[in-house]
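This report refers to the structure that appears directly beneath it.
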Amino acid sequence: MSLSVGIVGLPNVGKSTLFNALLSKQQAFAANYPFATIEPNVGVVPVPDERLPKLAEIVHTTKIVPATVTFLDIAGLVKGASKGEGLGNKFLSHIREASVILHVVRDFADTNVVQTGSGDAVEDYLTIETELQLADLATLEKQQPPKGKVEKDAAIRYQAVQKLMAGLENGVSARLVELSDDEREASRDLFLLTAKPEMWVLNSGEGQIGNGEQRRGDFVAKLQGRGIAITDNDVVHISAKMEEELAGFDEAERKEYLASAGISRTGLENLIAAAYAKLGLMSFLTAGEIEAKAWTIPSGTTAPDAAGTIHTDFTKHFISAKVCTYDEFVRHGGWKGAGEAGRVRTEGRDYVMRDGDVVEFMIGK
């Protein structure tokens, strides 16, 4: 599976600056993979993974294929977007299949950038969430009750539609509406925007990065006070302007800049890590003479289903998996050394994958 992030926010909150930083990473990525087809409002960027270069060195390959994250950028929404105001409403359909909604909120002062919204990060978020709720209501209003002899699944789905509509009419986002497991599953094909997990980027000025923890804590506390289900882990503090500058640096310059600022990772790297954690994702690794590659799977995935991410037929024809932890693979210099040291295991269909497993799947015909 791939991770996709739909970016929303009011105009002039730093979305374009953040997306430009993502595009710089995309351009470097696409230069290595020219087959990638990328639309203007879509950024496909690699997931930072320091394990891959080491694996490539051990198995003597120069080709590294990281996992990727797709960022979908929506033109700045405004109040009234659900009724056709502004441009953003035209593009909301682009994020209906996104894995998570990312709210970018302004937390910087710049007289050269026109302030939109209330000037309060919390109120600006609530404005956007209201527009997403109204867009979801428009989707639900198009749903017709089943007619004639009603199948059980159709009845459950329409029950979910009615509950969701009642909640949204009262200002409750779809993710917070109480549904049974069957109703939740039956309503997935509605692709409601407010049913998706949500995260936030608190976009501050370059000089405010040093007190990011305090600013993030204040923002979280205010949203919690408004009844929003949010934790510190859901918010990433970023200076989009600094990220745009960093994206143009080479690796050595980037590391030097981060060290001088007392930062271990860029904001974009923190954002990707937070999104993985929010959705319960992890990566397993493959390492051979052709390439060293990371594959994204949900936590709890079994070996046959993990094999299916490489090719769908592999799940059906799965026999076993040869597995070694990343640390042991590196310590013993690859498959041969790890095998001689007794660190390679053969696992069956019930094996639950772990983050960083280095794997070779045995597939039948």
Calculated FRET value between Gln159 and Ile290, using beta carbons and R₀ = 41 Å, to 0.05: 0.25
Phi-based couplings in Hz for the range 288-299 (Karplus 6.51, -1.76, 1.60; Gly and Pro marked x): x, 5, 7, 6, 10, 9, 10, 10, 8, 9, x, 4
Selection of trypsin sites (Lys or Arg not before Pro), the range 232-287, meeting DSSP coil and at most 13 other Cβ within 10 Å: Arg265
Cα-projected label distance for Arg265 with Glu169, points at 7 Å along beta-carbon direction, nm: 4.4 nm
For the range 153-193 and the range 254-312, distance of Cα centres in Å: 32 Å
28 Å Cα-Cα threshold exceeded, pairs from Lys15/Lys278; Lys222/Lys255; Lys293/Lys316; Lys54/Lys255; Lys163/Lys196: Lys222/Lys255
Whole-Hz ³J(HN,Hα) from phi, Karplus 6.51 cos²θ - 1.76 cosθ + 1.60, for the range 265-279, glycine and proline x: 9, 6, x, 5, 5, 5, 5, 5, 4, 5, 5, 4, 5, 4, 9
Accessible area of Glu251 in the full protein assembly, 1.4 Å probe (Å², nearest 10): 100 Å²
Amide H contacts of Thr301 (H built 1.01 Å from N, under 5 Å, at least 5 apart or other chain): Met353
Whole-Hz ³J(HN,Hα) from phi, Karplus 6.51 cos²θ - 1.76 cosθ + 1.60, for the range 338-353, glycine and proline x: 5, x, 5, 8, x, 9, 9, 10, 9, 10, x, 5, 8, 5, 9, 5
Descending principal axes extents, the chain, alpha-carbon based, whole Å: 65, 64, 38
Where the Cα pairs of the range 150-199 fall when distances are cut into 5 Å bins, in %: 5, 23, 34, 23, 11, 4, 1, 0
Relative contact order (percent, whole number), the chain, Cα cutoff 8 Å, 6+ residue spacing: 19 percent
Probe 1.4 Å, accessible area per residue of the chain, Å²: 50 Å²
Inter-site label distance for Thr309 and Lys255 at 7 Å from Cα along Cβ, in nm: 2.7 nm
Sulfur and carbon atoms: percent of accessible area, the chain [1.4 Å]: 49 percent
FRET efficiency, Gln214 to Asp355 (Cβ-Cβ, R0 30 Å, nearest 0.05): 0.45
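The values are calculated or read from the model by the stated rules, or taken from the named source; none is laboratory data. This structure is a prediction, so every number in the text was calculated from the model and none was measured. Ideal geometry is used to build each Cβ from the backbone, glycine not excepted, and the neighbour counts take in all protein chains shown. SASA here: full protein model, heavy atoms, side chains in, ligands and nucleic acids out. Shrake-Rupley method; radii C 1.70, N 1.55, O 1.52, S 1.80 Å.
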